[in-house]
Amino acid sequence: MISAKAEEKLNDIKNNNEGTTEEKQIAIQNIRDAKNSADNQITQDITNQNVESAQSNGLTTISRIQPNFTKNRKHEIKSIKSFKTKRRKLTIRQMRLKKKNKKQFKG
């Protein structure tokens, strides 16, 4: 159960195009650490109840791991802002040219 959940999360991270390689490596390591911790706890527990509790806690911990993919997102936001600024400047330039052309035809 633990291995399957960890593998599922690892595949999600590897297939996600939003994170940088560095961000993905951090998330992958976090999942591996959580899996190893859960496996160790399960191995150390003696009673069935403790093993079930360790499995449940491990699954919850792995499920809650959310990669922090911000670097590419910050770059994307910066690109969008730059595009909007350029589009605004272009629109202003086009409006000025239209006014100038109207004056030339009237004059």
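Every number in this text was worked out from the coordinates using simple rules, so none of it is lab data. In this text, all values refer to a predicted model and were calculated from it rather than measured experimentally. Because the Cβ atoms are built from the backbone with ideal geometry, glycine has one as well, and the counts that use them run over all protein chains shown.
Summary table below
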| quantity | calculated |
| --- | --- |
| Size of charge dipole - region 1-71 - debye, nearest 20, with Cβ of Lys, Arg +1 and Asp, Glu -1, no other charges | 140 |
| For the chain, the spread of Cα positions along each principal axis, largest first, Å | 96, 22, 15 |
| Peptides ranked, highest mean first, by Cβ atoms within 10 Å: ranges 11-21, 81-91 | 11-21, 81-91 |
| Sorted peptide list for 30-41, 55-66, 94-105, criterion being average Cβ within 10 angstrom, highest first | 30-41, 55-66, 94-105 |
| Karplus 3J(HN,Hα) series, Hz, for region 38-48 with 6.51 cos²θ - 1.76 cosθ + 1.60 (x for Gly, Pro) | 5, 4, 5, 5, 4, 5, 7, 6, 9, 8, 4 |
| Rounded, prolate or oblate (a/c below 1.5 giving rounded, otherwise prolate when a/b exceeds b/c) for region 1-46 by Cα gyration tensor | oblate |
| Cα-based reach from residue 78 at 26 Å (exclusive), listing lysines while leaving out same-chain residues under 8 positions away | 14, 24, 86, 89 |
